[in-house]
1. May I ask which residue of VAL231, ALA210, ALA122 lies farthest towards the positive end of the charge dipole of the chain, with charges of +1 (Lys, Arg) and -1 (Asp, Glu) on Cβ and the Cα centre as origin?
2. For TYR49, what residues show an amide H to amide H distance below 5 Å, using hydrogens built from the backbone and excluding near sequence neighbours?
3. Output the 0 to 90 degree angle, nearest 10, between the alpha-carbon long axis of helix 100-109 and the longest principal axis computed from the alpha carbons of the chain.
4. Compare the peptides 169-175, 186-192 by average per-residue count of other Cβ atoms within 10 angstrom and give them in order, highest first.
5. Given charges of +1 on the Cβ of Lys and Arg and -1 on the Cβ of Asp and Glu, with all other atoms neutral, how large is the dipole of segment 66-194 about its Cα centre, in debye to the nearest 20?
6. Over segment 38-107, what percent of the accessible surface lies on carbon and sulfur atoms, probe 1.4 Å?
7. Take peptides 100-107, 52-59 and line them up by average Cβ neighbours within 10 Å, highest first, as a rough protection proxy.
8. What accessible area per residue, rounded to a whole number of Å², is obtained for the chain using a probe radius of 1.4 Å?
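The values are calculated or read from the model by the stated rules, or taken from the named source; none is laboratory data. Note that this is a predicted model, so its numbers are computed, not measured. Cβ placement follows ideal geometry from the backbone for every residue including glycine, while neighbour counts extend to all protein chains displayed. Surface areas here come from the heavy atoms of the whole protein model, side chains and all, with no ligands, DNA or RNA. Shrake-Rupley method; radii C 1.70, N 1.55, O 1.52, S 1.80 Å.
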Amino acid sequence: MSWPDWERRLTDPSPLSPLMTPIIAVDGPAASGKGTLARKLAAQFDFAYLDTGALYRAVALSVIETGGQVDKEPDAVAAARRFDMAQLSDAAFAARLRTAETGRAASVVAAMPDVRAAIIVAQRHFAETPPAGKAGAVLDGRDIGTNICPDAAAKLFITARTTIRAERRWQELQLDDASLSFETVLRDIEERDARDAGRAAAPMRQAQDADLLDTSDLSIEEAFAAALALVDKKINL
Ligand code: C5P
């Protein structure tokens, strides 16, 4: 956000003006550490946090659980139009979102422009009027800095080497499924990266004005310190 915008922000009497809401956009590929960093940034600034990947996962899961097929566009679009943020508060539903199968299905429905169009308003509304009276919002995903919140005050693109991301995701998924092999998770991540970066609709990419952070050789604490330093340069609260 430029200085004139900040000045206007300080004097703007409307608490709901998008101009007034500091937004931190955190994008990057699967298992790059973006979710952990986004959550920690939200806690640090006392901002609301939205994991936008959960919306695509919810759409995909809703298709599967209503007997539809994720690669059939009408099934996916109908589920996206039914989507309601309240679904994410259902703990049992939220737990089912985290499986490898749901992640894969999410990236299939996420390539469909009409699916993306159906859930864009919910994301922008969250960013511009964060819930629980929070003063700002942190959103993580693939297209936050490029598409959902192009005017975000701070933008990070978090990445890490593919094998490191696969190792992290494998450790996480193994807690639920000990039979899952590292090779399967690696292949899954590579396919998902290719689909997310290669699609025509809002592909995953670093926004021109986003800061790049490679977490491959960093601990969570080191990565968070680096992320905070980058955000602090853009947002001073
Ligand atoms: O981040 P997560 O792995 O939960 O995202 C699941 C899938 O949702 C991604 O692979 C991607 O296809 C899609 N997604 C997206 N745009 C976002 C967030 C997630 O296309 N902003």
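1. Among VAL231, ALA210, ALA122, the one farthest towards the positive end of the dipole of the chain is ALA122.
2. When sequence neighbours closer than 5 places are left aside, the close amide H contacts are VAL138.
3. Compared with the principal axis, the helix lies near 70 degrees.
4. Values: 169-175: 15.1, 186-192: 17.3.
Output ranking for 169-175, 186-192: 186-192, 169-175.
5. Values: 17 positive and 20 negative charges, 62 e Å.
I would put it at about 300 debye.
6. Carbon-and-sulfur percentage of accessible area, whole number: 51.
7. For the peptides 100-107, 52-59, the packing ranking is 52-59, 100-107.
8. Details: 11410 Å² over 237 residues.
Result: 48 Å² of accessible area for each residue.
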